[in-house]
1. Scan around residue 124 for amide H atoms under 5 Å from its own, H built in the peptide plane at 1.01 Å from N, and keep only partners 5 or more places away or cross-chain.
2. Using 0.36 nm per residue, how much length does the chain from residue 132 to residue 40 gain when fully extended, once their Cα-Cα distance is taken away?
3. May I ask you to evaluate 6.51 cos²θ - 1.76 cosθ + 1.60, the Karplus curve with θ = phi - 60°, for each residue of the range 120-131 and list the ³J(HN,Hα) values in order in whole Hz, giving x for glycine and proline?
4. For residue 73 and residue 51, compute 0.36 nm times the residue count separating them, minus their Cα-Cα distance, and round to one decimal in nm.
5. Can you classify the range 63-150 as rounded, prolate or oblate using the Cα gyration tensor, where a ≥ b ≥ c are the square roots of its eigenvalues, rounded means a/c under 1.5, and otherwise it's prolate if a/b beats b/c and oblate if not?
6. Which FRET efficiency value, to the nearest 0.05, do you get for residue 84 and residue 30 by plugging their Cβ-Cβ distance into 1/(1 + (r/R0)^6) with R0 = 25 Å?
7. What FRET efficiency comes out for the pair residue 117/residue 97, r = Cβ-Cβ distance, R0 = 22 Å, nearest 0.05?
8. For the range 82-104 and the range 49-75, what is the separation of their Cα centres, given in Å?
Amino acid sequence: MKKTILLMFTTLAIFSHHSLADSPRAQVLTEDQLSGNIFEGLPTKEFYGNQAQMQQVFRTADGKLAFGAFSWTVKSAKTAVIKFDDYPIDETMYFIEGGMKIIDTDGNVTEAGPGEFLFIPKGWSGTHYTQNMKKISIRYGDKVAAEVQK
């Protein structure tokens, strides 16, 4: 797990237009935090009609790049279905629990579950089929802050 988190920070530093130096201090998300309930005590927000909690670990001063953990609970069914015509950000996800299946507009199916990464590029179009999950996420784009509030 520690190697996975290090890989995500390396990816964040290499592929972003920002560096970790934009933050006033280095940030760490430990394996113990991930295996425990890092969401305990955090507010639950409505997110695409379901329940979500987010523990943001790092965000650049301009708000375009964020790293954190995300918990999603589907309210009425086992899977939430969300359609996107133009995914608003670049997002790399590492699933701790649960997972996601995505089908793009050409019919290509991609699935990811615990211990796997999923990357969705800005502009992607298709449908998410999302289960209850916990994930680590690196998000980049003009709408990163807005998406957390959706």
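What follows draws every value from the coordinates through simple rules; no lab data is involved. Bear in mind the structure is a predicted one, so any value in this text is a computation, not a measurement. For neighbour counting, all protein chains shown are included, and Cβ atoms are generated from backbone atoms with ideal geometry for every residue, glycine included.
1. Amide H to amide H, under 5 Å and 5 or more residues apart or across chains, residue 124 pairs with 87.
2. 31.5 nm
3. So the Karplus estimates, Gly and Pro as x, are 10, x, 4, x, 4, 10, x, 10, 8, 10, 10, 9 Hz.
4. Using 0.36 nm per residue and subtracting the Cα-Cα distance, I get 7.4 nm.
5. Since a/c stays below 1.5, the shape of the range 63-150 is classed as rounded.
6. My answer for the efficiency is 0.20.
7. 0.90
8. The two parts, judged by their Cα centres, are 13 Å apart.
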